[in-house]
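Quick notes on the structure that follows.
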Amino acid sequence: MAGRSAVSASGWWLNGVRKWYHSAAGFNRLGLMRDDTIDENEDIKEGLRRLPEELYNDRMFRIKRALDLSMRQQLLPQEQWTKYEEDKFYLEPYLKEVIQQRKERAEWAKK
């Protein structure tokens, strides 16, 4: 136990909580990814506009399929659920860029 650092132990525990939450949230049962469920504000809308066409089309497919399943009160078969390991944050790099540019514009406006 002395050989383990507190950081790695807490990282292991935190990863377990993340996996549990991913399953408990339920969006994975509809085939959605975490970034598909983010509430849209101006930054998110701009980030979505900057997505490559293929990523944007994949997102729209997942959302439309989830809406259809929800209307019919059904879930995807378990083998089609989004797994924790497959749930990538595809919007994050574009969103960081948008937020950074907005902050830079605000700094320039102050001067």
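The values are calculated or read from the model by the stated rules, or taken from the named source; none is laboratory data. Keep in mind the model is a prediction, meaning the values are calculated, not measured. Cβ: placed from backbone, ideal geometry, glycine included. Neighbour counts: every protein chain shown.
Quick grid of which residues meet (1) in contact with a Cys (Cβ under 8 Å, 6 or more places away or on another chain); (2) surrounded by 15 or more Cβ atoms within 10 Å (Cβ to Cβ); (3) farther than 26 Å from R102 by Cα:
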residue	(1), (2), (3)
V17	no, no, yes
L32	no, yes, yes
E53	no, no, no
L69	no, yes, yes
L76	no, yes, yes
E85	no, no, yes
Y90	no, yes, no
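Rundown of residues vs (1) at pLDDT 95 or above; (2) under 16 Å from the mean Cα position of the chain (by Cα); (3) not in a helix (DSSP H, G or I); (4) not aromatic (F, W, Y), yes/no style:
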position	(1), (2), (3), (4)
L32	yes, yes, yes, yes
Y56	yes, yes, no, no
R59	yes, yes, no, yes
L67	yes, no, no, yes
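When you scan the range 55-64, how many residues do you find that are over 18 Å from F27 (Cβ atoms) and loosely packed, with under 12 Cβ neighbours inside 10 Å? First the steps, then the outcome.
Looking only at the range 55-64, we keep the residues that are over 18 Å from F27 (Cβ atoms), and these are 56-57.
From what is left, the residues that are loosely packed, with under 12 Cβ neighbours inside 10 Å are 57.
Within the range 55-64, residues that are over 18 Å from F27 (Cβ atoms) and loosely packed, with under 12 Cβ neighbours inside 10 Å number 1.
Out of I99, I44, I38, report the one residue that is closer than 16 Å to A25 by Cα and surrounded by 10 or more Cβ atoms within 10 Å (Cβ to Cβ).
I38
For the range 87-102, give me the residue count where each residue is free of Cβ contacts under 8 Å to residues at least 12 places away in the same chain and within 28 Å of R18 (Cβ to Cβ).
Qualifying residue count for the region: 3.
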